[in-house]
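Shown next, in structure tokens, is the structure this report addresses.
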Amino acid sequence: MTHVFLKSIAMIFFGILALQFTSCKEERQPSEVKPIKISFKKEGELRLKKTDSDSLLAVLDIEIADDEYATQTGLMYRSSMETHQGMLFVFPDNDYRSFYMKNTEIGLDIIYISEDKTIVSIQKNAKPMDESSLPSEGPAKYVLEVNAGLSDQWTLEKGDMIEFSEN
């Protein structure tokens, strides 16, 4: 009985050893990380206007983020955006908002807009990949993200207006 027991233990030991050598011989291919490429998809058009003169400051092609996934993802993982493009976030209510730049590779101006489509505040030149909170100065139903520096180029100010249409 002892001989059978020792033989069984030896078989188990050599079986485990054989499995380890077999798995060590497998060549594992290094996993390749492929960069995420997200293309701009025009879903509407937005016009920025001066309140006092009603003059047109800019016309943008916009993507619209109006569901939970799109509003959470925003412009993350994008390496560029054209100057005539932007992303408009549409929320179900008019409330104080705060954005951050986690996983966002491009500098942005973040424009907070009230329910009546008036600009309540602008966070200019938000730094890529920065997780600092960038809050609105007043309740906002809409948030427009454009390339950093464009709000200054357009002389956009608190109180100016937007109009937009969806495709």
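The values are calculated or read from the model by the stated rules, or taken from the named source; none is laboratory data. The structure displayed is predicted, hence computed values, not measured ones. Every residue, glycine as well, gets a Cβ built from its backbone with ideal geometry; the counts of neighbours run over all protein chains shown. Each accessible area value is taken on the protein alone, full model and side chains, heavy atoms only, with ligands, DNA and RNA left out. Shrake-Rupley method; radii C 1.70, N 1.55, O 1.52, S 1.80 Å.
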Quick one: what pairs do we get from region 44-62, first residue without any contact (Cβ under 8 Å) to a residue 12 or more places away in the chain and under 17 Å from Glu166 (Cβ atoms), second part of a loop (DSSP other than H, G, I, E, B) and open to solvent by 70 Å² or more (accessible area, probe 1.4 Å), C-beta under 9 Å, 6+ apart or different chains? none
Taking the condition crowded, with 18+ Cβ neighbours inside 10 Å and at pLDDT 95 or above, does Leu88 pass? yes
Of these, Thr155, Thr71, which one is among the polar types (S, T, N, Q) and within 13 Å of the chain's Cα centre (by Cα)? Thr71
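Only residues that are open to solvent by 30 Å² or more (accessible area, probe 1.4 Å), of a type outside the set (Lys, Arg) and under 17 Å from Tyr69 (Cα atoms): list them for region 94-105, please. Spell out how you get there, then give the answer.
We begin by selecting, within region 94-105, every residue open to solvent by 30 Å² or more (accessible area, probe 1.4 Å); these are 94-98, 100, 102-103, 105.
This time we only want the ones that are of a type outside the set (Lys, Arg), so: 94-96, 98, 100, 103, 105.
Across region 94-105, the qualifying residues are Ser98, Tyr100, Asn103.
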Out of (1) at pLDDT 95 or above; (2) charged (D, E, K, R); (3) more than 30 Å from Tyr142 (Cα to Cα), what's the single condition that is false for Lys25? (1)
